[in-house]
Protein chains: 2
Amino acid sequence: MKESIEKHLKEKGLKITNQRKAILEAFQNPEKHLLTAAEVLEIVSKYTDKLNFSTVYRNLETLTEVGILKRINLDNGINNYELDIENHHHHHLICLSCGDAKTIDYCPFDEMRISNKQLQDFTPVDHKLEIYGYCKKCGNNMSCDKLNKKQKVSK
Amino acid sequence: MKESIEKHLKEKGLKITNQRKAILEAFQNPEKHLLTAAEVLEIVSKYTDKLNFSTVYRNLETLTEVGILKRINLDNGINNYELDIENHHHHHLICLSCGDAKTIDYCPFDEMRISNKQLQDFTPVDHKLEIYGYCKKCGNNMSCDKLNKKQKVSK
DNA sequence: GTTAATGCAAAATCTTTGCAGAGAT
DNA sequence: ATCTCTGCAAAGATTTTGCATTAAC
C-alpha cells in the first residue's frame, strides 16, 4: 500500500487492517481501475480469505468519505469505485459490450461553463461525463452486454 | 395524452390503458420532468386509484423500450425517467440540495469528439453529462440532501 | 486498554417475475 | 375472441444496519 494512502488513513483515525489493505490492492490494476463491490470481493478472494460483503461495502463507503476512493454510478445502476488519491480529473469511455471503462483525460467543462448562460445561476460542485459505446476490441458486437443487466433495452 | 404518443403506442402494438395514460400524464409537468418510479406512483396516486408498483416499473420499462421515455441513472443510483419523444438532446443540472433537475441545452460532445484522440478508437452510442451542484434557490445550503441517500458523503 | 473494524445475520431498498384475472382492441 | 396489461405476492439483487467478537493502536 502506498504510503500516501497509509498516511491518509492514519490522519483520519482509520486503522490499517488486512481487509482494508486487500481492498485497496484490488484497485492497483491499471487495466481495470473501476470496480464494483462484487468485483472487489471477487478479486480479494483470490488472494486472501473471503471478506464479508458488509466489510467491503463499509470500506468502500469509508474510503470514499475520506477521499481515497471516488464513487461512480454507471448506467446499470451499480456503484463503481476507483482510486481518487493523487489522481487527475478524468471521465470515462464505457464499452457496452465488454463493460470495460477507459479513462479519457479531456474535459469540456471549463469551456462549457464560460459559454453557457444556464450555468450562471448554478453553483457546480461536481460533474460527470460518460461516453457509452463500443471499444476497439468489441467493435459493434452487441453480445454479452454486461451493462445491460438493469439498463435493458430489449428483453 | 398527445396523439404522437398514442400513435407510437399503437404502432408498437401497445394498448392504451388508464394506467399507462396516468403514468404519461405524470411526466407532463415541465417543472419536474425527471421522475423516479416512486415519484410516478406518488403523483399518479393523487389523481387516480393507486397503481401497483409492478405496473409502474413495467410501464417505465416498456415505454423506454419504445422510445417514449428515456432512462437516466443519477448519482444516487435510482433510475429516473423523462419524456424522450420529440425531445431535443440535452443534459442536466442537478441540485444536491432540493434534488431538482434542470435541463441544459448545450452539449460539448461534438466538439470534444473532433479534438480528442482517445475517442477515435471508440464507437460512441450515447453519452451523458450531469452537473451536480446547487441551484439558485438553494445556494450553498447543504441541508435536506435528497440525493445523498445512497451517495452519502457523510453519515 | 481503548477504539475502531469485522463477521454474521437480518433487514431495507429498489426492481423483477410468475400467474390468474381483467381490460383493450 | 384474442392478446396484452394489471394486481398481487413472492423473489431477486444490491446495499445497509445492529450486535457481539476480534484486531489495531
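The values are calculated or read from the model by the stated rules, or taken from the named source; none is laboratory data. Note that this is a predicted model, so its numbers are computed, not measured. All Cβ positions, even for glycine, are placed from backbone atoms using ideal geometry, and neighbour counts span all protein chains on display. Note: accessible area is taken over every heavy atom of the protein model, side chains too, but ligands, DNA and RNA are not part of it. Shrake-Rupley method; radii C 1.70, N 1.55, O 1.52, S 1.80 Å.
Just the residues that are of a type in the set (D, E, K, R) and either within 9 Å of DNA strand D (Cβ to nearest atom) or farther than 22 Å from B:Ile43 by Cβ (or both), please, taken from region B:1-22.
Keep residues of region B:1-22 that are of a type in the set (D, E, K, R), which gives B:2-3, B:6-7, B:10-12, B:15, B:20-21.
Those that are of a type in the set (D, E, K, R) and either within 9 Å of DNA strand D (Cβ to nearest atom) or farther than 22 Å from B:Ile43 by Cβ (or both): B:Glu3, B:Lys7, B:Lys10, B:Glu11, B:Lys12, B:Lys15, B:Arg20, B:Lys21.
Only one entry of A:Ala37, A:Ala22 meets the criterion of being among the hydrophobic types (A, V, I, L, M, F, W, C), within 13 Å of DNA strand C (Cβ to nearest atom), open to solvent by less than 60 Å² (accessible area, probe 1.4 Å) and within 14 Å of chain B (Cβ to nearest Cβ), and that entry is A:Ala37.
Scan A:Ile72, A:Ile78, A:Ile68 and give me the residue that is of a type in the set (A, V, I, L, M) and open to solvent by 30 Å² or more (accessible area, probe 1.4 Å).
Checking each option against the conditions leaves just A:Ile78.
Of all the numbered requirements in (1) away from every other protein chain (no Cβ under 14 Å); (2) surrounded by 13 or more Cβ atoms within 10 Å (Cβ to Cβ), B:Tyr57 misses one, and that requirement is (1).
In region A:1-26, the residue that is farthest from A:Thr62 (Cα to Cα) out of those that are more than 17 Å from the chain's Cα centre (by Cα) and among the small types (Gly, Ala, Ser) is A:Ser4. B:Ser97 meets each of the listed conditions (1) near DNA strand D (Cβ under 10 Å from one of its atoms); (2) buried (at least 20 other Cβ atoms within 10 Å of the Cβ) apart from (1). Could you check region A:134-145 and list, in sequence order, the residues that are farther than 17 Å from B:Arg71 by Cβ and either at pLDDT below 85 or facing chain B (nearest Cβ under 7 Å) (or both)? Passing the criteria: A:Tyr134, A:Cys135, A:Lys136, A:Gly139, A:Asn140, A:Asn141, A:Met142, A:Ser143, A:Cys144. For region A:81-91, the set of residues classified as in contact with an Asp or Glu (Cβ under 7 Å, 6 or more places away or on another chain) and crowded, with 20+ Cβ neighbours inside 10 Å consists of A:His91 only. Based on this model, can you work out whether A:Val44 counts as more than 10 Å from DNA strand D (Cβ to nearest atom), surrounded by 13 or more Cβ atoms within 10 Å (Cβ to Cβ) and part of a helix (DSSP H, G or I)? Yes, satisfied.
Within the option set A:Glu82, A:Glu86, being assigned to a loop (DSSP other than H, G, I, E, B) and more than 7 Å from chain B (Cβ to nearest Cβ) holds for one residue only, A:Glu86.
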